[in-house]
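Read the structure below first, then the notes.
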Amino acid sequence: MADPLVLLAALVPWIELRGSIPLGIATGLGPAVVLAVSIVLNIIVFFPVWAVLDVLYKRIENWRAVRWATRKALKHKPSVDRWGVPGLALFVAVPLPFTGAYTATLLAWLLRMPWRRAFVAIAAGVVAAGLIIFALSLGVLNGLMLLA
């Protein structure tokens, strides 16, 4: 069973699996379980975020900040149309803050990407990011153990 703190970290925006995987491994949980749980939770986040955006947008579409964000996102729509699923997956796969499932879901939604294509791209990116963070976490911890 995974530690509740690891589960929470996997669900917190902008921490997501980039924080839950190293946290889980550092606390001594089984690396394979930490990886699997972090990836699954981070992928599942897509559905409630997409649904909330659909419901919420109708209530706030006339807010200045929302209109500004929509204009900015649509300005880049030709690039998104050109790169599509691989571009969004690569965006999510880069293990940096603000490039996770929450931000990618918001971007895909603002760019009016079909939800199925957005989900496939985000899921692929989350898996790639999870594997990168997993490898880095194991490597760093093993390196630290060698120094001790």
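So the values come out like this:
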{"read-out": "Sole exception among (1) in contact (Cβ under 8 Å) with a residue 24 or more places away in the chain; (2) over 23 Å from G19 (Cβ atoms); (3) of a type outside the set (K, R) for A65, by number", "value": "(1)"}
{"read-out": "Pair list, Cβ under 6 Å, 6 or more apart: segment 90-107 residue under 16 Å from P48 (Cβ atoms), other residue part of a loop (DSSP other than H, G, I, E, B)", "value": "A101/V45; Y102/P13"}
{"read-out": "Some residue of segment 41-64 being under 13 Å from G130 (Cα atoms) and out of contact with any Asp or Glu (no Cβ under 6 Å at 6 or more places or on another chain)", "value": "yes"}
{"read-out": "Residue within segment 43-64 that is farther than 30 Å from L7 by Cβ and surrounded by 15 or more Cβ atoms within 10 Å (Cβ to Cβ) present", "value": "no"}
{"read-out": "Among residues of segment 52-108, those that are at pLDDT 85 or above and acidic (D, E), counted", "value": "1"}
{"read-out": "Boolean, V49 is farther than 23 Å from L138 by Cα, among the β-branched types (V, I, T), at pLDDT below 90 and not in a loop (DSSP other than H, G, I, E, B)", "value": "no"}
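The values are calculated or read from the model by the stated rules, or taken from the named source; none is laboratory data. Bear in mind that the values here come from a model prediction, so they are computed numbers and not experimental data. Here the Cβ is made from the backbone with ideal geometry for all residues, glycine too, and neighbour counts use every protein chain on show.
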